[in-house]
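> Before we start, here is the structure in question, set down as structure tokens.
The values are calculated or read from the model by the stated rules, or taken from the named source; none is laboratory data. A quick note: this is a predicted structure, and the numbers were derived from the prediction, not measured. A quick note on method: Cβ atoms are made from the backbone with ideal geometry, for glycine too, and the neighbour counts reach across all protein chains shown.
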Amino acid sequence: MKYALAFTALLATPALAGPDPESLSDGLAPGEWQAVLDAAEGQTVYWNAWGGSTTTNAFIAWVGDRVKEEYGVTLEHVKLSDTADAVSRVLSEQQAGQDTEGAVDLIWINGPNFASMKGQDLLFGPFAESLPNWQYVDVENKDVQTDFTLPVEGYEAPWAMAQVVFIYDEARLPEPPRSMPALLDWAAANPGRFTFPQPPDFLGSTFLKQALIDLSGDNPALAKPVEAADYDAVTSDLWAFIDALTPNLWRQGRAYPQTGPRQLQLIADGEVDLAISFSPGEASTAIANNELPPTARTYVLEGGTIGNASFVAIPYNSSVKSGAMVVANFLMSPEAQVRAQDPEVLGYGTVLSMDKLSEDDRAAFEALDLGVATLSPAELGKALPEPHPSWMTRLTEDWIARHGVKE
Amino acid sequence: MSRPAPMPLPRATLPALTVALLTLPVGLGLFFTLAPALGYMGTGEAPFMRLADWPGIGPATRLSLSTGFAATALSLAITALIAAGWHGTRAFALLHRLLSPLLSVPHAAAAFGLALLIAPSGWLARALSPWLTGWSTPPDLLIVQDSAGLALIAGLTAKEVPFLLLMLLAARSQTRSEAHARVATTLGYARAVGWLLTAFPALYAQIRLPVYVVLAYSMSVVDVAMILGPNTPPTLSVQITRWMADPDLTLRGVAAAGALWQLALVLAALAGWRGLEALTARAGTALAMSGRRLHGLNTALRALGLALGLAVALSVLAGLASQVLWSVAGYWGFPDALPDDLSLRTWARHGPMLAPVALTTLLIAGLAALFALALVTGCLEAEARHGFRMGAGGRLILYLPLLIPQIAFLPGLQILMLTLGLREGLWPVLLSHLTFVIPYTLIALSGPFHAVDSRYFTAAASLGAAPNRRFWRLRLPLLLAPLLTAFAVGFAVSVGQYLPTLLLGGGRVTTLTTEAVALTSGGDRRAIGAYALAQTAAALLPFALALALPRLLFANRKGMRGG
């Protein structure tokens, strides 16, 4: 029984919580790995991760099986409908003075949530760059040491690369619009055939940021906090665009899909022709799962699209930090990365550098068929950097005030 | 060696424990919702001002009132029309048989099934396209999640009609409604009109509290509103749930203020409903006194009752059927009426993850239903032995957890647990489920309990059987069928709980319901279908057992097979 296990683990942890909780409180030093492995065995790690995608859930379940076999770590996926739930949980624990035995041991995180947790000392670290598998990570070419312009400093470990792509059905829309102005014209000619997830959903907020970057020509002010910029001047084109676009959205903008995957169903149902995605491999995976028509394809905008890395972080009050680090390390392993990149499984971009891998591991990556709807790295192009996280917060608030309430 | 004295059943212990389980969570929860709403506990400045400043407060308030009133009025009207037009007929037996199992279909599953059915790309549109409608792509119509909440009203009505119909049937034995209706017929009234004018008022007095429960529930439901309700803005209860989950802790105060506003709305709505009752009663009396027989109306009322009753039953059943289909569908594009191919792929993919969640669900529901049944049976037996009956105050306490919106007191309970440093988990979830399971178990059991002929016990006592022996050897076997049904009702109630599991489980307790609702935020219909079906199966299973067991155990005693 999973509860019996959980209770046993709870009872057992005070006796064997990490190499020594005190020495770990400042992070992981290189060379301590064997002690971490020893302490991790038998621990139960609660990984708080968004649970709205069945493919991700299946992948996390597989990770659980593997770390159980390999390291004796039990992984429980706490399926969130919103990552903010876990952030608020750690925050309430900090305010209630619960500095050990927190409910969250590992959290799938990036951007504003990372900024907020790091800013409030809610994270354990640094640890990521001392993990054994860090040696394979492509720190030279992939943006894994900053998260939305903020330095990561080892407080979270990368496990997937993401870049904005648009999904369309080639059979219905042979020539999709390749810039935001073109999207606006196309929507005006084809009302009701496009929508985006409703902000504050992160993908909806990402659409706002993507539109802002595309329309403002990648204004350098976006790399700095929003307070430092002339907000109205930078965003006036964006709001004019959104105001013009909204009446031509699906359901005239009176309803929105609540999450990204909902858009795939809308395409499959023939309700919309175009959807934004943060995962270049998502469309291929969805075709394999019958969730998209076989004629679905992806593309990026002419001016490029935003990219970022997905990370896992460990809250400061987790009492199974060793187990959590074992999971974070496993996620960066070639074995897990190949599986995550397989479009039949997840279709996420790898964080590893092919040059640093052994020949066998490299061959495993090369043997992957990335899927009919996945763009090659050359077609994806270099990802545009994320704006400072404060932009996402501000744009989301503004959108809600302008369009979140219709009546 | 003397035998140990049999344990006496104290008069007040079990009733007191039950009352505590019903009132303490509600009372403490409300109190700890109040504190942050008034700005204590570090929840920021003036939560009520911030609530009033939320641009969606007006529409969300209107939605809460309009959907709640409409769903309740519609459910009650359909229930009354079915009973009025068709009581005692074969059509009524058929409708009853179709509707009863729907009572245990969890709200979320029914709502999701309805969405699959009526969306512009739903099964109805697929079945009629393109040959009838000419649609090759779905029309851009806002049907599900519409701003007026019509889909939400439909979804709630489909679930509340079976509940009210069963309540109405149970109330028949406590009134002389059938005799009234017969007298009306002999006076020349047609069936439906006569029943509505004479039998319904007495029956309504009996089911008033259940109707209030429906009103309070419909105004503040979270899971159904998340699936069928609008989002620009959402209903008040959904918005409160979102504030509760926001990383910005000062929004907890706003959530608490919203919860109190929701409570005030429900209380005001109940008062308003009470006023409408008086007006309706006056109009009904005037109509009856006028002596008009209204024969023309009779056929229309009967047809309407049958049509709406069938629509309710079929919409839920077809919704379930479309979930079955989606869970085994290959690619299924619009406007195909059926999927390209069928496969067990979805079940193979999700089966291994579904199994432990199903086990947790069954464990919680089984324990909650069992505890509730033991408590309720104990209370009823104490009543019988010590010769007291639950008064009006008792009934009110019983209905308290159902009348106070969950969203108004569960957040407070969560805050209380955090403040005390208690860990969310299985036990808090179980306790909170008990608060909602006990009332339904008592409602289901008390009628049959009191209906047992007391002369059996007098006879047994005169033969020398002590109270405990009478209870174990006579009362329980006699009540086997209703006991099992009450257990099944409690089980189904527990399976369907969303908000208590979410808030008091702290995310660590996943049941089929929390899983199904979480999945609906994603878009994988095949997975949602599988989980919703598993949820429905979990709720229906005990009902099947409750029907089957007495028939097996009492195969040779017709009168004890129940149902």
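> Among the residues of region B:330-349, write down those that are at the interface with chain A (Cβ under 7 Å from one of its Cβ atoms) and of a type outside the set (Phe, Trp, Tyr).
If we filter region B:330-349 for residues that are at the interface with chain A (Cβ under 7 Å from one of its Cβ atoms), which is where we start, we get B:330-331, B:333-334, B:349.
Hits for region B:330-349 are B:Gly330, B:Gly333, B:Arg349.
> Identify the single condition in (1) more than 18 Å from A:Ala373 (Cβ to Cβ); (2) more than 8 Å from chain B (Cβ to nearest Cβ) that A:Gln258 does not satisfy, given that it satisfies every other one.
For A:Gln258, the exception is condition (2).
> Here are A:Asp169, A:Asp147: which of them is within 16 Å of the chain's Cα centre (by Cα) and crowded, with 18+ Cβ neighbours inside 10 Å? Full working, then the answer.
Details: A:Asp169 fails: within 16 Å of the chain's Cα centre (by Cα).
None of the others qualify; the one that does is A:Asp147.
> Quick one: which helices (runs of 4 or more DSSP H) sit completely within region A:276-347 and have at least 2 residues that are among the hydrophobic types (A, V, I, L, M, F, W, C) and assigned by TED's automatic domain parsing to the domain that holds A:Leu91?
Numbers: elements: A:282-288, A:321-331, A:334-341.
So the answer is A:321-331, A:334-341.
> Looking at B:Arg557, B:Arg551, B:Arg508 in this structure, which one is touching a strand residue (DSSP E or B) at 6+ places or on another chain (Cβ under 9 Å) and of a type outside the set (Val, Ile, Thr)? Walk me through it before giving the result.
Working: B:Arg557 fails: touching a strand residue (DSSP E or B) at 6+ places or on another chain (Cβ under 9 Å); B:Arg551 fails: touching a strand residue (DSSP E or B) at 6+ places or on another chain (Cβ under 9 Å).
Selected residue: B:Arg508, the only one of B:Arg557, B:Arg551, B:Arg508 that is touching a strand residue (DSSP E or B) at 6+ places or on another chain (Cβ under 9 Å) and of a type outside the set (Val, Ile, Thr).
> Identify, please: which residue in region B:362-377 is away from chain A (no Cβ under 12 Å) and of a type in the set (Val, Ile, Thr) and is, among those, farthest from B:Leu431 (Cα to Cα)?
Here the residue is B:Thr377.
Every residue, every condition in (1) buried (at least 18 other Cβ atoms within 10 Å of the Cβ); (2) under 30 Å from B:Ala538 (Cβ atoms); (3) within 14 Å of another protein chain (Cβ to nearest Cβ); (4) touching a residue at least 40 places away in the same chain (Cβ under 8 Å), yes or no:
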site	(1), (2), (3), (4)
B:Ala37	yes, no, no, yes
B:Met49	no, no, no, no
B:Ser100	no, yes, no, yes
B:Ala108	yes, yes, yes, yes
B:Ala111	yes, yes, no, yes
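> Hey, B:Ala321 hits all of (1) surrounded by fewer than 15 Cβ atoms within 10 Å (Cβ to Cβ); (2) away from chain A (no Cβ under 14 Å) but one; which does it fall short on?
Of the numbered conditions (1) surrounded by fewer than 15 Cβ atoms within 10 Å (Cβ to Cβ); (2) away from chain A (no Cβ under 14 Å), the odd one out for B:Ala321 is (1).
> What residue, of B:Arg302, B:Arg389, is surrounded by fewer than 20 Cβ atoms within 10 Å (Cβ to Cβ) and more than 13 Å from every other protein chain (Cβ to nearest Cβ)?
Values: B:Arg302 fails: surrounded by fewer than 20 Cβ atoms within 10 Å (Cβ to Cβ).
Testing whether each residue is surrounded by fewer than 20 Cβ atoms within 10 Å (Cβ to Cβ) and more than 13 Å from every other protein chain (Cβ to nearest Cβ) leaves just B:Arg389.
Yes or no, residue by residue, for (1) surrounded by fewer than 17 Cβ atoms within 10 Å (Cβ to Cβ); (2) acidic (Asp, Glu); (3) in a loop (DSSP other than H, G, I, E, B):
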position	(1), (2), (3)
B:His433	no, no, no
B:Thr441	no, no, no
B:Ala461	yes, no, no
B:Phe471	no, no, no
B:Pro477	yes, no, no
B:Pro482	no, no, no
B:Ser494	no, no, no
B:Pro500	no, no, no
B:Arg508	no, no, yes
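> Looking for whichever is more than 25 Å from the chain's Cα centre (by Cα), more than 14 Å from chain B (Cβ to nearest Cβ) and either among the acidic types (Asp, Glu) or part of a loop (DSSP other than H, G, I, E, B) (or both) here; the options are A:Glu227, A:Glu271. Which one fits? Explain how you work it out, then say what you get.
Numbers: A:Glu271 fails: more than 14 Å from chain B (Cβ to nearest Cβ).
So the residue among A:Glu227, A:Glu271 that is more than 25 Å from the chain's Cα centre (by Cα), more than 14 Å from chain B (Cβ to nearest Cβ) and either among the acidic types (Asp, Glu) or part of a loop (DSSP other than H, G, I, E, B) (or both) is A:Glu227.
> Residue by residue through region A:334-348, note down the ones that are closer than 14 Å to A:Ser277 by Cα and touching a strand residue (DSSP E or B) at 6+ places or on another chain (Cβ under 9 Å).
A:Leu346, A:Tyr348
> With respect to A:Gly253, determine if the residue is surrounded by fewer than 22 Cβ atoms within 10 Å (Cβ to Cβ) and touching a helix residue (DSSP H, G or I) at 6+ places or on another chain (Cβ under 8 Å). Explain how you work it out, then say what you get.
Numbers: surrounded by fewer than 22 Cβ atoms within 10 Å (Cβ to Cβ): yes; touching a helix residue (DSSP H, G or I) at 6+ places or on another chain (Cβ under 8 Å): yes.
When the stated conditions are applied, A:Gly253 passes them.
> Which members of region A:230-247 meet the condition of being part of a helix (DSSP H, G or I), surrounded by fewer than 21 Cβ atoms within 10 Å (Cβ to Cβ) and of a type outside the set (A, V, I, L, M)? Spell out how you get there, then give the answer.
Filtering region A:230-247 for residues part of a helix (DSSP H, G or I) gives A:231-247.
After this cut, where a residue has to be surrounded by fewer than 21 Cβ atoms within 10 Å (Cβ to Cβ) as well, the list is A:231-234, A:236-237, A:239-241, A:243-247.
Residues satisfying the conditions are A:Tyr231, A:Asp232, A:Ser236, A:Asp237, A:Trp239, A:Phe241, A:Asp243, A:Thr246, A:Pro247.
> Let me ask something additional. How about region A:30-111: which helices (runs of 4 or more DSSP H) wholly inside it have at least 2 residues that are closer than 21 Å to A:Leu131 by Cα and modelled with pLDDT of 85 or more?
Details: elements: A:33-40, A:54-71, A:84-95.
Output list reads A:33-40, A:54-71.
> Say we look at region A:71-129 and pick out the residues that are of a type in the set (Lys, Arg) and over 16 Å from the mean Cα position of the chain (by Cα); which of these is nearest to the other protein chains (Cβ to nearest Cβ)? First the steps, then the outcome.
Applying the first criterion (of a type in the set (Lys, Arg)) to region A:71-129 yields A:79, A:89, A:118.
Now narrow it down to the ones that are over 16 Å from the mean Cα position of the chain (by Cα): A:89, A:118.
Numbers: A:Arg89: 7, A:Lys118: 13 Å.
Ranking the qualifying residues of region A:71-129, first place goes to A:Arg89.
> Considering region B:216-237 alone, what residues qualify as being in a helix (DSSP H, G or I) and buried (at least 24 other Cβ atoms within 10 Å of the Cβ)? Spell out the reasoning first.
As a first pass, look at region B:216-237 and keep what is in a helix (DSSP H, G or I): B:216-220, B:223-228, B:236-237.
Selection gives B:Ala216, B:Ser218, B:Met219, B:Ser220, B:Asp223, B:Val224, B:Ala225, B:Met226, B:Ile227, B:Leu228, B:Leu236, B:Ser237.
> Here is a follow-up. Restricting attention to region A:72-89, which residues are touching a Phe, Trp or Tyr at 6+ places or on another chain (Cβ under 8 Å) and under 14 Å from A:Pro112 (Cβ atoms)?
Across region A:72-89, the qualifying residues are A:Asp82, A:Thr83.
> When only residues in region B:126-146 that are surrounded by 17 or more Cβ atoms within 10 Å (Cβ to Cβ) and within 13 Å of A:Leu266 (Cβ to Cβ) count, which is farthest from the other protein chains (Cβ to nearest Cβ)?
As a first pass, look at region B:126-146 and keep what is surrounded by 17 or more Cβ atoms within 10 Å (Cβ to Cβ): B:126, B:129, B:135, B:137-138, B:142-146.
Now narrow it down to the ones that are within 13 Å of A:Leu266 (Cβ to Cβ): B:137-138, B:144-145.
Values: B:Thr137: 4, B:Pro138: 5, B:Val144: 8, B:Gln145: 5 Å.
Looking at residues that are surrounded by 17 or more Cβ atoms within 10 Å (Cβ to Cβ) and within 13 Å of A:Leu266 (Cβ to Cβ), I get B:Val144.
> Ok, one more. B:Asp453 passes all but one of (1) farther than 20 Å from B:Ala546 by Cα; (2) modelled with pLDDT of 90 or more; (3) not polar (S, T, N, Q); which number fails?
Going through the list (1) farther than 20 Å from B:Ala546 by Cα; (2) modelled with pLDDT of 90 or more; (3) not polar (S, T, N, Q), B:Asp453 breaks only (2).
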